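Since the structure comes first, as structure tokens, the remarks are kept for the end.
Coordinate-derived values only; no laboratory data. All values derive from a computational prediction rather than experimental measurement. Note that each Cβ is placed from the backbone with ideal geometry, even for glycine, and that neighbours are counted across all protein chains shown.
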2 protein chains.
Amino acid sequence: MTDHTDPLAALPGYALRRAANAMMAELAGRLGEIELRVSDATVLLLVGERCDMTSSEIGKVLEIQRANMVPLLSRLERAGVIERKPIDRKSQAIVLTSAGVDALARVRDITGQFEQDLLDRIPAAHRAHFVPALQALIG
Amino acid sequence: MTDHTDPLAALPGYALRRAANAMMAELAGRLGEIELRVSDATVLLLVGERCDMTSSEIGKVLEIQRANMVPLLSRLERAGVIERKPIDRKSQAIVLTSAGVDALARVRDITGQFEQDLLDRIPAAHRAHFVPALQALIG
DNA sequence: TATTGTTATACTCTATAACTATA
DNA sequence: TATAGTTATAGAGTATAACAATA
């Protein structure tokens, strides 16, 4: 028998990376059933909360480069869940189509269940500390 | 002024992904100064703790696919920090060279400081809960 | 038969530089 | 001058299938 325990497991940065990879793989699998990526779902959730954001604004909030928003929004547009509404001749608001509203409802179901399952895996004593700790590491 | 606050920030999965991305970008920057990637450093730390592991065993512990270990170890071998020691005609043990021992010392300095800085960013009240919560999400 | 190391390949995410058209 | 949207490109992580050689 080989030793499969992980001597690095106690390192916070290492554990953070492993946990994020595991959870994102899990979420990607669940969202795959409605043909969406994690980043797609994130954009839909944001657009559902805040109307008439431009591509650049979405990118700033989610920390996605402007350039990387292009294929992402093209994909969502091709899927028929968002459309572009001109603000002026330079900027466009990203809005949900009616199919997008339906898709968002399914995204909310899936991510809501996912977030619940994630929290349930954390022992109760540590649960309330999880998000505040993570937030201290962002930005 | 546009609103740059993030309505998704309270979601545990989302915060987990954002925190991991931010911290790994930070660590990658620090390790870049000694020309190593995060995954390179992780392998060196593991090999430093456990002698004579094969490529497959390292991959199992770190959850890196066998196939993805190949370019990783080739890179470390080319950098002169590891070498392969035949176990039988099928398997090879991965061992540190003397340059590898030096490199590992620098990796330990950098990652030790990084882990400390990471923990320092977490408010004291939440700090002790961080790793246990993450470990509950792994595997 | 199962496992080791390997090749080839592809997809996703992320990052940067540069261009245009407009504010 | 600065910003919005875009193009092109590259680096890095991750995933699968398949093969030869060996246990």
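Tell me, yes or no, whether segment B:12-21 has at least one residue that is buried (at least 19 other Cβ atoms within 10 Å of the Cβ) and either more than 10 Å from chain A (Cβ to nearest Cβ) or assigned to a loop (DSSP other than H, G, I, E, B) (or both).
Our first condition is that a residue be buried (at least 19 other Cβ atoms within 10 Å of the Cβ); within segment B:12-21, this holds for B:12-20.
Next cut, either more than 10 Å from chain A (Cβ to nearest Cβ) or assigned to a loop (DSSP other than H, G, I, E, B) (or both) only: none.
No; the residues of segment B:12-21 include none that is buried (at least 19 other Cβ atoms within 10 Å of the Cβ) and either more than 10 Å from chain A (Cβ to nearest Cβ) or assigned to a loop (DSSP other than H, G, I, E, B) (or both).
Within the option set A:A105, A:A125, A:A99, being closer than 22 Å to A:M24 by Cα and among the small types (G, A, S) holds for one residue only, A:A105.
Looking at this structure, is B:P71 within 16 Å of DNA strand D (Cβ to nearest atom), out of contact with any strand residue (DSSP E or B) (no Cβ under 8 Å at 6 or more places or on another chain) and not basic (K, R)? Judged against the criteria, B:P71 is a match.
Would you check if there is a residue in segment B:39-50 being closer than 30 Å to A:V61 by Cβ and in a helix (DSSP H, G or I)?
Here is the first cut: in segment B:39-50, the residues closer than 30 Å to A:V61 by Cβ are B:39.
Right, trim to in a helix (DSSP H, G or I) and you get B:39.
Yes; the residues of segment B:39-50 include at least one that is closer than 30 Å to A:V61 by Cβ and in a helix (DSSP H, G or I).
Considering segment B:59-99 alone, what residues qualify as being aliphatic (A, V, I, L, M), near DNA strand C (Cβ under 9 Å from one of its atoms) and either surrounded by fewer than 16 Cβ atoms within 10 Å (Cβ to Cβ) or under 16 Å from the mean Cα position of the chain (by Cα) (or both)? Across segment B:59-99, the qualifying residues are B:A67, B:M69, B:V70, B:L73, B:I87.
Looking across segment B:35-58, the residues that are within 8 Å of another protein chain (Cβ to nearest Cβ) and either more than 13 Å from DNA strand C (Cβ to nearest atom) or touching a Leu at 6+ places or on another chain (Cβ under 8 Å) (or both) come down to B:V38, B:T42, B:L45, B:L46, B:E49, B:R50. The single condition from (1) touching a residue at least 60 places away in the same chain (Cβ under 8 Å); (2) away from chain A (no Cβ under 11 Å); (3) within 16 Å of DNA strand C (Cβ to nearest atom) that B:R30 fails is (2).
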